[in-house]
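Q: Attaching a single structure in C-alpha cells format; questions to follow.
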Amino acid sequence: MSKNVNEPTRRTLVGIAGSSLGLLPISAAAASPQSTQPAAGHPQDSFPVYNVAQFDAKPDGVTLNTQAIQRTIDAASRAQGGVVYVPPGTYMTGTVTLKPNVTLYLEAGATLLGSSRRTDYTKGCLLYADGAANIAIRGRGVVDGNCQSIWIRATAPIRPGDFGWIAGSWRPSAMLIFSNCQNVLLEDVTFKNSPSWTIHPILCDSLVIRGISILSPLNEIGRASCRERV
C-alpha cells in the first residue's frame, strides 16, 4: 500500500509535540492527521494534530495559503492547543499569526514560502505572534522569505564591481516577529532568504532557539529586551 505523503509518520508523531514547553508526545488516539479531537486521558498528556492539508492548503508553490494555514492554527487554538502539521510541499503564504499553546511543525520537505505581494503581509512579517504563551515552530522544514522576489538587482555598482541586490519599493520588516510572548521555542527549522531581519523577538520571556539554521544575505537575529533566552 502506498503511503500518503500528506500524513505524518508515527515516528514524527511521537516527537512532534515534545519540547521544553511541556508539550508531551502525542498518543496513538491523536495520530490521525484528520482527527481534531484530543486523545483520551489527561488533556496535558496529548495534543491533537491539525494537518493544513485538511484545511485546503495547496503545496504547489503558487496558491496563496494564508487563510488555509490560519484556519488550521485557529482550530488548534479553539481546542486549547494542538500541533499544526505542514506536510512536504511548498506553501506560499502571507502573514500567519500563531496563537497560544500551538506548535507549528514543518515536516522535512515542507516550505513556507513568503508571498511577493505587499498586501499579503498584514503584520509586516511572515510569522507573527503577540502576547501568546507556549508557542513553537519546529521540524526539519524551511521558512523561505523569498527575498529574490522582493529585492531587485542594482543597475549601478553598490561598491566598485558589485552589482548586488537592493531593496525595492517595500519589504517586510522581518520574517518572524514575536512580541510579548512567553515560553517560545524555535527548533531545527531552516530560515532562509529573508528580505530583512530573519528573527525578531521583542520583550519575550523564556525564549529557546535550538538547532535552527539561518541562510540569509541580511540580518539574522535581533533580540529586543528578551529575558531567559537560550
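Q: Amide H of residue 191 versus every other amide H placed in the peptide plane: which residues, excluding those fewer than 5 positions away on the same chain, fall under 5 Å?
A: HN-HN under 5 Å from residue 191: 143, 213, 214, 215.
Q: Another question, then. Once a ≥ b ≥ c are taken as the square roots of the eigenvalues of the Cα gyration tensor of the range 77-128, is the result rounded (a/c under 1.5), prolate (a/b larger than b/c) or oblate (a/b not larger than b/c)? Walk me through the numbers on the way to the answer.
A: Details: a/c = 3.18, a/b = 1.22, b/c = 2.60.
Oblate, since a/c reaches 1.5 and b/c is not below a/b.
Q: To the nearest 0.05, how large is the calculated FRET efficiency for residue 180 and residue 74 if R₀ is 25 Å and r is the Cβ-Cβ distance?
A: Numbers: r = 20 Å, r/R0 = 0.79.
Once rounded, the FRET efficiency stands at 0.80.
Q: Right, another one. So, R0 is 35 Å and r is the distance between the beta-carbons of residue 148 and residue 202; what FRET efficiency does that work out to, to 0.05?
A: Working: r = 27 Å, r/R0 = 0.77.
Calculated value: 0.80.
Q: Next question, about the same structure. Which FRET efficiency value, to the nearest 0.05, do you get for residue 122 and residue 210 by plugging their Cβ-Cβ distance into 1/(1 + (r/R0)^6) with R0 = 25 Å?
A: Working: r = 29 Å, r/R0 = 1.16.
FRET efficiency, residue 122 to residue 210: 0.30.
The numbers here are math on the coordinates, done by the rules we state, and not lab data. Quick caveat: nothing in here was measured; it's all calculated off a predicted structure. With ideal geometry, Cβ positions are generated from the backbone for all residues, glycine too; neighbour counts draw on all protein chains shown.
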